[in-house]
């Protein structure tokens, strides 16, 4: 290869200098490789590629060159292509580099290759281990274990990344109750982004029958406990080494529930499951294990008691526009006393004790009442009774009511002309649960008279209250129709009765 000597023109002026540039990409993906180290040969000058994979050597004398590219996790590239720089030209050379291979293998504790994991026929042996080894120079990703076998009950998980030289254990657990007679085998695969590895899992059944077992109806069900009873009907020639119960909140608790071990037994065995959740359905199976395997009963379900109080419906008695009387009943259940009871109400839908409006009292079972206030007149409310125990809160049926408007209901009496007066009045048929502070009639020559300055009115406040009253209107001096409406005023507003009229000759 030619050297890289400085070159001068015949006039003694230094010749222009050239450059070499290019892009480094990944051989598999075609993506730019950043921070790759590019060395120019024979000068030994080095540079790093940018985010776009581009490198460049500037101010190069005329001559013949080549490059070497290196980067962690990639195989070094010694490029033999000759890049000739002449007369200060800018020359391009693109290259691709390849990632190093990762090696995924399954090994024993001594790093020796492992192809089989044999559980043999020993009944007590249900868990064994193998190791996953990354014997390469780059990390493995998306690592997980794949299997399809009903007698493998669980396989411990792998992290998603395994780094070069790292060894990780995998624990396989089997359920011998699901083994077929004789030798059983299945394939388990460790999967990664850069290769897979396989191992054969084997186990042998003794060929005898496990114990025959049944589960009896549960008893003494409480809020937090269930008493269970199982019975070994036949040991089938084996020696019983353990019995007990599997239980959980989902079906088939043999595999995914809790377990209670009671040791050897030859007949009926019982246990009380404790620390259970209230008002929860549990799936329960009895089991018995012998040297011939494990037998399981059918599954039963039992639901623990709620422990929540019992709440009655709510009745409402209207008292005035801002107050109602609420009545209900509450009691503890399953032996657990009340901590609190009361009512909650809201004008915006189904109320809870988290709402601002709550009236309450403590602990005593039976009927109770509370006064709900302050309410807004003529407003719809939702109300529920509630009660608390140590297990939580219960609500009674929801009901609605609309508070009193505070406006009276009134009718206008017919008008008659007698001498110098028009005699009329009104009848307050409903005082709206509040005090009537003024009543009388409004009248004038225009329809729909009211208390505005455009009309006149009488004041019959001496007859304040529900019932009829009589009003006397001086006879108008002008002839024509006289329009009349009775009125009644409370502190919440004024209500008007129907309009009557009389012709004044």
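The values are calculated or read from the model by the stated rules, or taken from the named source; none is laboratory data. Small disclaimer: the values here were computed from a predicted structure and weren't measured. All Cβ positions, glycine included, derive from the backbone under ideal geometry; neighbour counts span all protein chains shown.
Quick notes on this structure:
- Matching residues in the range 29-44 - criterion: being in a loop (DSSP other than H, G, I, E, B) and surrounded by fewer than 17 Cβ atoms within 10 Å (Cβ to Cβ): 29, 30, 31, 34, 35, 42, 43, 44
- Hits in the range 399-433 - residues which are loosely packed, with under 15 Cβ neighbours inside 10 Å, touching a residue at least 40 places away in the same chain (Cβ under 8 Å) and closer than 28 Å to residue 347 by Cα: none
- Exactly one residue out of 450, 438 is under 24 Å from residue 406 (Cα atoms), in contact with a strand residue (DSSP E or B) (Cβ under 9 Å, 6 or more places away or on another chain) and assigned to a loop (DSSP other than H, G, I, E, B), and it is 450.
- Residue within the range 138-145 that is part of a loop (DSSP other than H, G, I, E, B), under 32 Å from the mean Cα position of the chain (by Cα) and on the phi > 0 side of the Ramachandran plot present: yes
- Test result for residue 424, assigned to a strand (DSSP E or B) and either assigned by TED's automatic domain parsing to the domain that holds residue 323 or more than 16 Å from residue 407 (Cα to Cα) (or both): yes
- Restricting 49, 126, 75 to those that are in contact with a helix residue (DSSP H, G or I) (Cβ under 8 Å, 6 or more places away or on another chain) and in contact (Cβ under 8 Å) with a residue 24 or more places away in the chain reduces the list to 126.
- Of 120, 88, all but one fail to be within 30 Å of residue 34 (Cα to Cα), in a loop (DSSP other than H, G, I, E, B), more than 43 Å from the chain's Cα centre (by Cα) and in contact (Cβ under 8 Å) with a residue 60 or more places away in the chain; the exception is 88.
- Selection within the range 380-392 - in contact with a strand residue (DSSP E or B) (Cβ under 7 Å, 6 or more places away or on another chain) and surrounded by fewer than 16 Cβ atoms within 10 Å (Cβ to Cβ): 380, 390
- Taking the criterion of being in a loop (DSSP other than H, G, I, E, B) and more than 11 Å from residue 440 (Cα to Cα), the residues of the range 454-501 that qualify are 454, 455, 465, 466, 475, 476, 477, 478, 479, 491, 492.
- Test: residue in the range 227-236 that is under 35 Å from the mean Cα position of the chain (by Cα), assigned to a strand (DSSP E or B) and outside the structural domain of residue 124 (by TED's automatic domain parsing): yes
- Selection within the range 237-263 - in contact (Cβ under 8 Å) with a residue 40 or more places away in the chain and either in a loop (DSSP other than H, G, I, E, B) or under 29 Å from the mean Cα position of the chain (by Cα) (or both): 237, 238, 239, 246, 251, 252, 253, 254, 255
- Test: residue in the range 170-186 that is within 24 Å of residue 99 (Cα to Cα), surrounded by 14 or more Cβ atoms within 10 Å (Cβ to Cβ), in contact with a strand residue (DSSP E or B) (Cβ under 6 Å, 6 or more places away or on another chain) and not assigned by TED's automatic domain parsing to the domain that holds residue 288: no
- Screening 132, 138, 123 for residues that are crowded, with 17+ Cβ neighbours inside 10 Å and under 30 Å from residue 239 (Cβ atoms) leaves exactly one candidate, 123.
- Qualifying residue in the range 246-257 (condition: assigned by TED's automatic domain parsing to the domain that holds residue 216, at pLDDT below 90 and out of contact with any strand residue (DSSP E or B) (no Cβ under 7 Å at 6 or more places or on another chain)): yes
- Only listed residue being part of a loop (DSSP other than H, G, I, E, B) and at pLDDT below 90, chosen from 294, 266: 266
- Scanning the range 146-161 for residues that are crowded, with 17+ Cβ neighbours inside 10 Å, outside any strand (DSSP E or B) and in contact with a helix residue (DSSP H, G or I) (Cβ under 7 Å, 6 or more places away or on another chain) gives a single hit, 151.
- Check on residue 114, in contact with a strand residue (DSSP E or B) (Cβ under 9 Å, 6 or more places away or on another chain) and surrounded by 16 or more Cβ atoms within 10 Å (Cβ to Cβ): yes
- Annotation: of all residues in the range 343-366 being modelled with pLDDT of 90 or more and outside any loop (DSSP other than H, G, I, E, B), the one that is surrounded by the most Cβ atoms within 10 Å (Cβ to Cβ) is 343.
- Any chance residue 107 is surrounded by 12 or more Cβ atoms within 10 Å (Cβ to Cβ) and more than 22 Å from residue 162 (Cβ to Cβ): no
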